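K.L.:
Before we start, here is the structure in question, set down as structure tokens.
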Amino acid sequence: MTLLYWFDLISVLFFALSGGIIGKRKNMDYFGVCFLAFITAIGGGTVRDLLIGAMPIAWVSDPTYIGVILLGAFLSILPLERLRWIERPFLVADTFAIALAAIVGLQKSLEFGANPLAAVFFGMTSAVIGGVVRDVVCNRVPQVLRQEIYATACLAGGVIYLITSQLLDAGAILSFASGMGTIVLLRLGAIRWHWSLPLVRREGN
């Protein structure tokens with residue numbers, strides 16, 4: 001089993017946790033929480049694998065993914081909000097989920113023949129699609145459409161990963177850490193200090 005595989009499982013766990021937390025906050029029953037955890041966890045990876053031709057899709061062929069999703073759903077039911085060391089469990093889970101998914105998706109896309117620029121896009125797709133589906137199902141404005149930096153952080157982390165892994169020829173762990181670290185820092189910074197991209201305004205406004 002490769003490092004990429006384990007990182008993919010960890011990202012699935014964090015996505016399932018973030019989906020389950022939202023489900024619990026929406027007062028869903030146990031099935032609803034598990035369903036939301038599932039669609040959040042597999043959404044981005046499924047779209048990515050279909051686009052790059054990675055068949056069979058990871059969670060379809062490997063039952064470990066289902067087990068990890070159920071674990072994330074179970075953890076989301078625990079009273080995490082009461083723990084002092086995790087003040088905002090959803091944002092923490094979501095941030096680490098997109099960071100892992102973006103870099104894993106990028107590297108997997110490269111392995112299936114995508115050019116570097118396309119691979120960065122596929123990495124972003126892996127990171128945001130599950131959350132979009134989750135938020136639409138819960139009648140929330142998707143995180144990616146809000147002002148705070150979200151998808152842009154994934155693109156920036158992907159570029160840093162490419163620079164460290166291909167141009168600087170750094171090792172796999174250092175490359176993953178630099179790409180993921182960029183995404184986490186940008187996302188948490190955007191949440192803390194309300195960083196955002198300039199708005200596109202209509203003419204005459």
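K.L.:
When you look at Asp8, is it within 19 Å of Thr125 (Cα to Cα) and surrounded by 14 or more Cβ atoms within 10 Å (Cβ to Cβ), yes or no? Quick ask: steps written out before the conclusion?
P.N.:
Values: within 19 Å of Thr125 (Cα to Cα): yes; surrounded by 14 or more Cβ atoms within 10 Å (Cβ to Cβ): yes.
Taking the combined requirement at face value, the residue satisfies it.
K.L.:
May I pose another question? Conditions first: (1) assigned to a helix (DSSP H, G or I); (2) without any contact (Cβ under 8 Å) to a residue 12 or more places away in the chain. Gly20 passes all but one, so which condition is the exception?
P.N.:
Failed condition: (2).
K.L.:
Right, something else. Pairs please, first residue from segment 154-166 and under 15 Å from Ala97 (Cα atoms), second anywhere and part of a helix (DSSP H, G or I) and polar (S, T, N, Q), Cβ atoms under 6 Å, 6+ apart in sequence or on different chains.
P.N.:
Gly157/Thr182
K.L.:
Suppose the filter is touching a helix residue (DSSP H, G or I) at 6+ places or on another chain (Cβ under 9 Å) and in a loop (DSSP other than H, G, I, E, B); does Ala54 pass it? Steps first, answer last, please.
P.N.:
On the way: touching a helix residue (DSSP H, G or I) at 6+ places or on another chain (Cβ under 9 Å): yes; in a loop (DSSP other than H, G, I, E, B): yes.
Yes, satisfied.
K.L.:
Moving on to the next point. Considering (1) outside any loop (DSSP other than H, G, I, E, B); (2) among the hydrophobic types (A, V, I, L, M, F, W, C); (3) within 23 Å of Thr40 (Cβ to Cβ), say which one Ala118 fails and leave the rest.
P.N.:
Tallying (1) outside any loop (DSSP other than H, G, I, E, B); (2) among the hydrophobic types (A, V, I, L, M, F, W, C); (3) within 23 Å of Thr40 (Cβ to Cβ), Ala118 fails exactly one: (3).
K.L.:
Still on this structure: Considering only residues that are in contact with a Lys or Arg (Cβ under 7 Å, 6 or more places away or on another chain) and surrounded by fewer than 18 Cβ atoms within 10 Å (Cβ to Cβ), which ones fall in segment 125-181?
P.N.:
Once the filter is applied, which keeps residues that are in contact with a Lys or Arg (Cβ under 7 Å, 6 or more places away or on another chain) and surrounded by fewer than 18 Cβ atoms within 10 Å (Cβ to Cβ), segment 125-181 yields only Cys138.
Read-outs throughout are calculated quantities, based only on the coordinates presented, and are distinct from any laboratory measurement. No experiment lies behind these values; they were computed from the predicted model shown. With ideal geometry, Cβ positions are generated from the backbone for all residues, glycine too; neighbour counts draw on all protein chains shown.
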